[in-house]
Amino acid sequence: MTLDRYMLRLWLGPFAGGLILVLGVLLLGRTLKLLGTVSDSGQAWMLIAELLTLTMPYFLLLTVPMAFFLSMQNTITSLQQSSEMDVMRAAGLSYTRMFRSFFVLVLLLWGSLTYTSMVLLPEGQLGFNNILSKIYALKGVITFSPQRFTQGFDGVTVYVDGEDDQGVYHGVILEDHRDGISVIYTAQSARFDLTSSTGASNNTSNGQANQMNVVSNSLELNMNHGVRLEGQGADQRMLAFDRYKVAIPVSDGNWKERQSSDHVTMMTPGELWQAVQDDAAGALAEWNRRMLLPTTVLVLFFFALPLSLTQKRSGKAGSMIAGIALLVTIYNLQLLFHRQVNQGAFPGWSMWLEQAVLLVFGLFLWRRAEADRLPKVFSQAGEWISLLHQLIMHKLARRT
């Protein structure tokens, strides 16, 4: 028990510091994006605080596994650099016994992150979209933040890469699934214009039919030089265009509260599972994503030891850089498979296969490290990365 407490004490400080640092950077970036949206409100900072609170479940799902893994790497390399690990190994302690407390810790984190992913994440997404929809309705205008998906419309998602001084958006992606069929538009540029039209509506009152003029607002998208994709798989149809116009009904200032069933990212576990049973590709991808995101902490746990057992002369830099490279690889693979399943290109089990392969490989490397038969490429790679890091820092120091 004394050894377990000692290990956890070494791990806790870097974990808390790393988690606060990464969360702070993410929250600052999100704050700057939200500031332009709510700056006209008299309670801008209160709205931002509420919106940031609603995004915390997603940020925690990303940052907790990162902080856990890097902090565990730091603990292992510190023990190795100070020769404490050599002493414990000479006393007959295995790596599994040394880091026994982390087995319990990683299971607790996995359970907490699973609850966060399945319950808190969709609740936060629903609240976030409701607040933004209400802000847009009260402002009476629609704005798009560059490099961010906007879901302020019913059945339509818009992404823009940037905007020029003339108000023309560039790198536009629009997904229209209002009719139950996903239609995707990509365009080099587009202009978004708010238009109004008047139409007749019949209203029956006291047995008499009255005709009323109704004013409806629409967002008109005039897209230039793009492609229209409709359908999935072998039934997909493509149309290239120079000019294309799409009209989207928008709010007239009356705010309508969004429901969890409006989009898969906001569905409760029960609603999402029912959508999976209805064979919806988007629901299947979202269900697997929620289940698999927490398992990232399990995968990273088994990679921490093999990537940290480097030569003492290489210091901590080599193993830490290798760990960051692993994080980038894992998260990009998850994103790639999620997109392919969401588009119907890959089956849902492919997301599990990718994660299972990584888990088995990490477990295999842990067992090889336990038997002191870890492939030399790991220790050598750490040393090479450390030497490259020192070379770059030396050159930078000479330039300054």
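Less than 20 Å apart at the alpha-carbon level, and either on another chain or at least 8 residues along: which aspartates and glutamates does that give for Lys33?
Glu50, Asp161, Glu163, Asp164, Asp165
On a full-extension model of 0.36 nm per residue, what is the gain between Met291 and His225, subtracting their alpha-carbon distance, rounded to one decimal in nm?
19.9 nm
Distance from the Cα centre of region 336-368 to that of region 111-126, in angstrom?
21
Find how many whole Å separate the alpha carbon centroid of region 69-85 from the alpha carbon centroid of region 264-291.
Using only Cα atoms to place each centre, the spacing works out to 40 Å.
All other residues with a Cβ under 15 Å from the Cβ of Arg290 taken together, and with Lys, Arg as +1 and Asp, Glu as -1, what is their net charge?
Local charge sum for Arg290: -2.
Under a point spin-label approximation (7 Å from Cα along Cα-to-Cβ), what is the Glu271-Arg89 distance to one decimal in nm?
Computed distance between label sites Glu271 and Arg89 equals 5.4 nm.
May I ask you to compute the full-extension gain from Leu108 to Thr2, defined as 0.36 nm times their residue separation minus their alpha-carbon distance, rounded to one decimal in nm?
Here the segment from Leu108 to Thr2 would lengthen by 36.1 nm.
By how many nm would the segment from Leu21 to Gln188 lengthen if fully extended, with 0.36 nm per residue of separation less the alpha-carbon distance?
56.4 nm
Please turn the phi angles of region 106-123 into ³J(HN,Hα) values with the Karplus equation 6.51 cos²θ - 1.76 cosθ + 1.60 (θ = phi - 60°), one per residue in order, whole Hz, x for glycine and proline.
Working through the residues one at a time gives 5, 5, 5, 5, 4, x, 5, 5, 5, 4, 4, 5, 7, 10, 6, 4, x, 5 Hz.
Readers should treat all values here as calculations from the given coordinates under stated rules, not as data from a laboratory. These numbers were taken from a predicted model, which means no experiment stands behind them. Backbone-built Cβ (ideal geometry, glycine too); neighbour counts: all protein chains shown.
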